[in-house]
Amino acid sequence: MTAEIAEYAEECMARFTLILEYRGGTYIRQERAASPQAALKKLVRPSDTKTKLFRALAEQRVVAIEGIENCWCSSTSDRGKLALVNIVKTAE
């Protein structure tokens, strides 16, 4: 696949905003992906200091938030602390 095709394919994917609450901090990132689960898996990057936490989150099932459209959540614990991520399908 050429770089142009790969770039176009990514642009056609939905944009998701991921909001992570962890150890008193709020961390926000946007990713383009085919699904909320795929967006969560994109958080796992070798260069990131929170890779272990992101990997643990990505291994969890993403659950739709009842009564809210285009909004999901997932959670895990790390060192006894809750890590909660909300995933929102974001309009352009």
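Every number here is computed from the coordinates shown, using simple stated rules; none is lab data. Given the structure is predicted, the values throughout are model-derived calculations rather than measurements.
Observations
- One residue stands out in the range 61-83 among those that are within 11 Å of the chain's Cα centre (by Cα) and either not in a strand (DSSP E or B) or not polar (S, T, N, Q) (or both): the one that is farthest from I28 (Cα to Cα), namely V62.
- Within the range 30-60, the set of residues being within 13 Å of the chain's Cα centre (by Cα), over 16 Å from M13 (Cα atoms) and not in a loop (DSSP other than H, G, I, E, B) comprises T51, L53, F54, R55, A56, L57, A58.
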